[in-house]
Amino acid sequence: MNPPVLRLSARARLWRSLAGAAFVAALLFTSAFGSNDDFPIGPMTQFAFSVKNDGGTIGSFWLEADTAEGRHVELSRDAVGTGMKRAEIEGQMDRIVHDPSLLQGIAEGQHRLHPGDPRLTRIYVVEEIKRLEHGKVVSTRRVNRVVWDVR
């Protein structure tokens, strides 16, 4: 014996239709005029780009640091190492370039997550730029985009 089929009332169908339309409208608006800060309703554009086969470039960022022990190290690219993922660093690059003191939070997060590790004394945001020709990498260069002396 099957239970009876329950149908939505006209009012419930209207409410669901309006909610769906509002969601789609918000998604279209933030796709056209928004930023990654609008995620999950807006775009997450860190991988949404195309590269010209001839003369296009691909840039990627990561963090490196000098430690109190005098070593130069590459910081973990996941949240377990510094409290931020690599994609978050890439998404915040404009802010970090304009205000390098934001990197102080990375040093504090790394120390909080790994209190036994040596303290960081300087943090570098490194960008690797690969240039393409005919779809193949023809040159690679590294640039320190931002350098911050940890307090």
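General remarks:
- Each listed q (0.10, 0.11, 0.20 Å⁻¹) maps to a log10 I(q)/I(0) for the chain from the Debye sum over equal C-alpha point scatterers, namely -0.55, -0.62, -1.21.
- Sequence-distant residues sharing a close amide H with Arg145 (under 5 Å, placed H): Val125, Val126, Glu127
- Helix-derived mean residue ellipticity, 222 nm - over the chain, DSSP H n ≥ 4, -39500 (n - 2.57), to 500: -9500 deg cm²/dmol
- Cα long-axis angle, helix 10-33 against the chain (0 to 90 degrees, to the nearest 10): 30
- For the stretch 91-151, the spread of Cα positions along the three principal axes, ordered from largest to smallest, is 47, 27, 18 Å.
- Where labels lie 7 Å past Cα in the beta-carbon direction, separation of His114 and Glu74 in nm: 1.3
- Taking only Cα atoms of the stretch 73-114, radius of gyration then Dmax in Å: 10.0, 28
- Amide hydrogen neighbours beyond the local backbone of Thr121, cut-off 5 Å, H modeled: Asp66, Thr67, Ala68
- Cα→Cβ-extended label distance, 7 Å offset, between Arg95 and Asp38, nm: 1.7
- Tilt relative to the chain, helix 104-113 - C-alpha long axis, 0 to 90 degrees, to 10: 80
Where a number appears in this text, it was derived from the coordinates with a stated rule and is not lab data. Note that the structure is a prediction, hence the values are computed from the model and not measured. All Cβ positions, glycine included, derive from the backbone under ideal geometry; neighbour counts span all protein chains shown.
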